[in-house]
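Below is one structure, written out as structure tokens, with a few remarks after it.
Bear in mind that the values in this text are calculations on the coordinates, not laboratory data. As the structure is a computational prediction, the values presented were derived from the model and not from experiment.
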Ligand SMILES: N[C@@H](CCC(=O)N[C@@H](CS)C(=O)NCC(=O)O)C(=O)O
């Protein structure tokens with residue numbers, strides 16, 4: 001699997017950590033969001049929203065959104081972090097939604113020029 005990612009991204013890092021923890025090999029494909037590589041035609045074809053992370057399988061299946069990618073990886077690994085029991089699963093969704101929003105905000109803030 002390929003992960004299109006940016007080294008300093010708070011939405012990419014959890015995926016790299018979780019894949020490592022669950023023994024899933026990722027081929028890391030750097031996308032420099034500071035120089036605008038996320039707006040290239042090739043990357044835009046992968047994610048029209050022009051955001052990392054994007055996970056890409058060898059058969060062409062691709063997935064955006066950090067929390068969706070984490071759940072997909074947990075399903076593939078049969079990991080308890082993504083439980084089948086409805087209430088436990090709903091709690092994971094609630095916690096991940098909060099984490100994703102604040103991580104994404106932190107990421108955008110860190111890219112803003114000083115003083116803005
Ligand atoms: N909701 C998305 C947010 C992804 C996101 O904000 N990615 C940032 C890096 S942390 C990005 O690619 N920014 C590029 C840009 O703003 O042009 C997710 O959770 O995956």
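Quick notes
- Shape class of region 1-95 from the Cα gyration tensor (axes a ≥ b ≥ c, square roots of the eigenvalues): prolate, since a/c reaches 1.5 or more and a/b is larger than b/c.
- Remark on region 1-45: Rg and Dmax equal 11.3, 33 Å (Cα only).
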